[in-house]
1. How do the pairs read when you match residues in the range 123-138 that are within 17 Å of residue 162 (Cβ to Cβ) with residues anywhere that are outside any loop (DSSP other than H, G, I, E, B) and hydroxyl-bearing (Ser, Thr, Tyr), using Cβ under 6 Å and keeping only pairs 6 or more apart or on different chains?
2. In this structure, does residue 103 turn out to be surrounded by fewer than 19 Cβ atoms within 10 Å (Cβ to Cβ) and over 14 Å from residue 162 (Cβ atoms)?
3. Any chance you could count how many residues in the range 94-130 are within 14 Å of residue 72 (Cα to Cα) and touching a Pro at 6+ places or on another chain (Cβ under 9 Å)?
4. Looking at 141, 129, which is the one that is in contact with a Gly (Cβ under 8 Å, 6 or more places away or on another chain), open to solvent by less than 60 Å² (accessible area, probe 1.4 Å) and of a type in the set (S, T, N, Q)?
Amino acid sequence: MGVAIVIVAIVAAVVGIGRIFSDGNDARPPLVASSPEPAISIDPKDDDSVIDSGPPPSPSTVPGRAQPEEVAYAFASAWCNHTKVTPKAWRDRLLPNATKNLADELDGVDPAGVPAERVTGRPSLVPVSATVVNAVVTMDSGKLNLRLVAPDGHWLVDGIDWDGS
C-alpha cells in the first residue's frame, strides 16, 4: 500500500510541475509548421529546376557509324529471327548491335521464347539525351522496346522490353 502511495505522489508531482511550466494553452501544436506557399512563376527565366523542360538534344553519331534507327531495326530483325537456329547462333547475330552488359544478359537465353516472328514497322525513336535513345519497334505480335546508348558515338542496344499488347 505504501508503494502505491509513493507512485501516485510521483505522478502528481510530475503533472504539477508540467502545469507550472506550461503556458496554460491546452491547444496541441500543429503537426506541420506553417510556412508561406511557394511562389510559382510562369516566366521560364525563373525556372531553377533540374528537369529541363526543353526538347531533348538530338542523338549524336560518329560519322561513318549507324544511326540509332538503323541499329534498332537490325537488332529487332535479328531478335525475331529465332526459328531453326541454335541459341548460340541467335545470340551471335545480336552481339554486333548489343552492349557487353546486354550480351551477358542474353547468355543462355533460349530464342524459342521470343514472342515475335517478324518486324512490321520502322523503329520510332524517343531521344532521352545525346547519348541515350528509346526505340519502339512494331512486331507482328506486339512492340519491342529497346534502350540504345552511345557514350562514344557508336549506338548499341543496352536494354530490351517486350510489350505484347
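The values are calculated or read from the model by the stated rules, or taken from the named source; none is laboratory data. Given the structure is predicted, the values throughout are model-derived calculations rather than measurements. A quick note on method: Cβ atoms are made from the backbone with ideal geometry, for glycine too, and the neighbour counts reach across all protein chains shown. The accessibility values were calculated without ligands, DNA or RNA, using every heavy atom of the protein model including side chains. Shrake-Rupley method; radii C 1.70, N 1.55, O 1.52, S 1.80 Å.
1. The qualifying pairs are 123/73; 136/124.
2. When the stated conditions are applied, residue 103 passes them.
3. 4
4. Matching residue, one of 141, 129: 141.
Rundown of residues vs (1) farther than 20 Å from residue 65 by Cβ; (2) in a helix (DSSP H, G or I); (3) out of contact with any helix residue (DSSP H, G or I) (no Cβ under 8 Å at 6 or more places or on another chain), yes/no style:
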{"position": "88", "(1), (2), (3)": "yes, yes, yes"}
{"position": "95", "(1), (2), (3)": "no, yes, no"}
{"position": "146", "(1), (2), (3)": "no, no, no"}
{"position": "162", "(1), (2), (3)": "yes, no, yes"}
